Amino acid sequence: MIQRATTILLAICVAFLASEATAQTTVYYQPTPYPSAVTNGIHILDGWLPSVYYGQTFQKDDKLQIGGWGDNYRTYIQFDLDGLPASVSSAELDLYAYPRGDSSTLVNFDAWSPNSAWASNLATSMTWNTQPASFSLVGSYATSSVNSFWGIGMTSLYNSWKGGSRPNNGLALMSWTQNNNFDVWRSSRTTDETQRPKLRFVFTPPVTVPNFKIPLPRNIKWLVTTEVGGWDCAGSAQDSAHAGANYFSVDFSWKNKDSSGAQVYDSPNSGTLIPITPAGDGQVAEVGTNPTSPNGYYVVVSHDPGHNVNTGFSTRYLHMKNLPSVVVNQAVAQGSTILGYMGDTGSSTGPHLHFGMRYNNDGASTTNVMYAVVSGWLMKNFQTECTGGIPSRYYMSN
């Protein structure tokens, strides 16, 4: 196995996609965690299972561990796969190893694919005796050092999940020995976002992808309140405005801060104008002029060379404060042309920007081409994170 010590730009997954041509690229998917009470829209389930202590129940804390000292610990981990590449030339699970701080030594381990679902057991807490009974071997590995990421190759398994030939039951990691041997990794619940588990993909995008930017003022962090796919910190129901053809859309709150944590813009309700600019160069395809329609004042920009929203990429900007500043067929420049200002017209409960992306006028999770990068973030990674039931994850525009 090859060590992969990965530097993560902007403390999350970075993808490099060429805008000039379709070429092989590397992307990371490092989802945010949800509190245990949330049962919908979960992106990652991870934890460790003890054979003797802790009531033999599945433990969900800030670590993942395998090994033992007379007892036995196993790690289980499962990612959601919606909106991720349909087929890849390389897939890898990267875990951040760190020292346990005692006399134990590291241990070799096997990665297995459970032959039955285990996530459903978490509703009543999976126990050692109710874990899956059979597994298929994925590979054998060794974490031979700490304070770095280590990769677990799973290319064939991932492609079989996405292709539908095998159900996505995640992975189970099991140590070879339990003689004061332990491997310990960071879980999705660690406070250090850079050290959370992630998937690494190498693949060739099926289409040329523009180099998009967050369509808000640069070098500022913006709070995400509703994520790609339509889930938020309430966790009870999917927002229909982020479903179907609008799966690849995200709500950016007006709440913002600079790199030092200071707020830059006040709420639009106070009269502050927060400009919305195109995510990429293009041409205005639609302008919504009815503030009482569900979208309120809005703009659609085509990024297709033929300026047709039914072919190529297009982006959508909803709930503007006032009548948009542009007209249909107007050429617009990324980050330079002001489309309008953030507001809450239409079906909106507060000032925010609903930003959506489509390809061939379809933004569903099944389009299999939405691997675009927006300001250094894989589009799928625009997710909410919840602290006390309140959104708390900000993303930097650049």
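With the charge dipole of the chain set up from +1 on Lys and Arg Cβ and -1 on Asp and Glu Cβ about the Cα centre, the Cα lying farthest toward the positive end among the listed residues L49, L339, G282 is that of L49. Computed 3J(HN,Hα) for the range 66-72, one whole-Hz value per residue from the Karplus formula 6.51 cos²θ - 1.76 cosθ + 1.60 where θ = phi - 60°, is 9, x, x, 9, x, 9, 8, glycine and proline marked x.
Counted by neighbouring Cβ atoms within 10 Å, the residues L106, L318, L216 run from fewest to most as L106, L216, L318. Within the range 54-79, whose backbone N sits under 14 Å from a point 7 Å along Cα→Cβ of D102? Correct set: 54, 65-73. Restricting attention to the chain, lysine pairs at least eight places apart or on different chains and with alpha-carbon atoms under 25 angstrom apart total 22.
Listed from fewest to most Cβ neighbours within 10 Å, the set V138, V250 follows the order V138, V250.
Note that the range 193-204 has calculated 3J(HN,Hα) couplings of 4, 6, 9, 6, x, 8, 9, 10, 10, 10, 7, 10 Hz, one per residue in order, obtained from phi through the Karplus relation 6.51 cos²θ - 1.76 cosθ + 1.60 (θ = phi - 60°); glycine and proline are x. The label-point distance for D258 and N180, in a model that sets each label 7 Å from Cα toward Cβ, rounds to 5.4 nm. Applying both filters, DSSP loop and at most 13 other Cβ atoms within 10 Å, to the trypsin sites (Lys or Arg not before Pro) of the range 218-313 gives R218.
Here the 3J(HN,Hα) profile of the range 370-379, calculated from phi with Karplus coefficients 6.51, -1.76 and 1.60 at θ = phi - 60°, is 8, 9, 5, 10, 10, 6, x, 10, 4, 3 Hz, Gly and Pro shown as x. Each label was represented as a point 7 Å from its Cα along the Cα-to-Cβ direction; for A237 and D61 these points are 3.8 nm apart.
Relative contact order for the range 9-203: 35 percent, from Cα pairs under 8 Å spaced at least 6 residues apart, divided by residue count. Looking at (i) 5, 22, 31, 22, 13, 6, 1, 0; (ii) 4, 21, 27, 21, 14, 8, 3, 1, 0, 0; (iii) 5, 23, 34, 25, 11, 2, 0, which value of P(r) over Cα pairs in 10 Å bins from 0, in percent comes from a calculation on the structure shown? Evaluating P(r) over Cα pairs in 10 Å bins from 0, in percent on these atoms matches (i).
Once the Cα-Cα distance is subtracted from the 0.36 nm per residue extended length, the D192 to S90 segment shows a gain of 34.1 nm.
A Cβ-based charge dipole, computed about the Cα centre of the chain with Lys and Arg at +1 and Asp and Glu at -1, lands at about 200 debye.
Each Lys and Arg Cβ is given +1 and each Asp and Glu Cβ -1; about its Cα centre, the range 307-398 then shows a dipole of about 40 debye.
Any read-out appearing in this document is the output of simple, stated calculations on the displayed coordinates, not a laboratory observation. No experiment lies behind these values; they were computed from the predicted model shown. Reconstructed Cβ throughout: ideal geometry from the backbone, glycine too, with neighbour counts over all protein chains shown.
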